[in-house]
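Asker: Handing you a structure now.
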């Protein structure tokens with residue numbers, strides 16, 4: 001029986017080994033978060049978006065293979081739609097997660113009852129692999145293969161309204177200082193960023209801000225993520241794991257906002273590789289926590305009252 005966890009981890013490790021952060025969207029979308037904008041990989045036939053660990057798997061393959069589109073389908077779907085997969089093309093691993101439940105039982109086989117006398121249910125999931133092809137690997141499916149129209153790149157530092165609203169709605173305290181550090185301070189619960197003029201472009205600024213916002217979601221008053229409420233020292237597996245969660249969370253948020261993100265933390269690749277090689281389930285846990293952080297940030301409905309401070313005198317903290 002194939003080990004799905006190991007198969008997925010091997011794909012991620014291969015991508016990292018080639019310097020590719022597989023959770024960064026590898027193509028430029030048309031515009032930002034418009035009504036027609038689809039930030040995540042989708043099925044070319046059903047138009048359903050993929051989720052979970054399939055996001056880094058499909059994004060990684062798209063970047064490694066040079067695909068410009070985020071539409072995928074199975075061999076049988078291509079055939080049923082009147083087309084076919086080109087000869088010599090290789091499939092991409094994806095994972096189907098099916099939630100299941102059953103009644104909890106004692107060692108003797110008796111049902112375990114809750115306080116109301118009803119059988120307790122145990123929730124679990126079944127993982128199955130299936131294999132996808134990018135729409136660019138097909139022939140005869142021109143109706144599903146409309147190439148995205150490239151737009152002229154925007155001027156540096158042009159505000160991205162979706163990202164700006166996301167940061168504002170969060171209520172996070174954000175401090176800009178003319179320094180070479182970007183971090184989230186969990187004890188004082190604020191984010192520090194360099195001033196915008198220090199960034200090469202808009203995407204670099206928002207990718208950094210949303211990375212720190214992903215850390216921010218883990219605070220004790222919010223998601224209570226272990227890597228934030230009980231932080232680890234730099235270089236430890238726990239530290240690497242929290243950085244992995246934040247980087248993936250930032251990538252998911254960048255995709256939502258239509259931002260072309262870039263790998264910010266090249267120095268973390270070695271620690272990520274070490275973590276993933278020793279723990280084949282780490283990428284599943286990290287992608288799950290990143291998704292939870294993303295959904296938390298996107299679902300916030302606080303008033304637009306975030307404290308965004310640009311005066312370097314507002315914070316005098318060397319942490």
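Please treat every number below as a calculation from the coordinates, not as lab data. Because the structure is predicted, anything quoted here is derived from the model rather than measured. Backbone-built Cβ (ideal geometry, glycine too); neighbour counts: all protein chains shown.
Asker: Give me the Kirkwood hydrodynamic radius of the stretch 166-304 in Å, from all C-alpha pairs, to one decimal place?
Answerer: Taking the inverse mean of 1/r over all distinct Cα pairs, the stretch 166-304 comes out at 15.2 Å.
Asker: Semi-axes of the equivalent ellipsoid for the stretch 4-144, please: Cα gyration tensor eigenvalues, times 5, square-rooted, ordered largest first, whole Å.
Answerer: 36, 18, 17
Asker: For the stretch 172-229 and the stretch 59-114, what is the separation of their C-alpha centers, rounded to whole Å?
Answerer: That distance is 34 Å.
Asker: Let me ask something else. So if we plug the beta-carbon distance of residue 105 and residue 3 into 1/(1 + (r/R0)^6) with R0 = 35 Å, what FRET efficiency do we get, rounded to 0.05?
Answerer: 0.80
Asker: Neighbour counts of other C-beta atoms within 10 Å: give me 124, 183, 241 arranged from fewest to most.
Answerer: Going from least to most buried by this count: 124, 183, 241.
Asker: Which whole-number percent is the relative contact order of the stretch 166-304 (Cα, under 8 Å, 6+ apart)?
Answerer: 27 percent
Asker: Take 292, 46 and order them by how many other Cβ atoms sit within 10 Å, fewest up front.
Answerer: By the 10 Å Cβ count, ascending, the order reads 46, 292.
Asker: Once the Cβ-Cβ distance between residue 277 and residue 129 is put in as r, and R0 is 25 Å, what FRET efficiency do you end up with, to the nearest 0.05?
Answerer: 0.75
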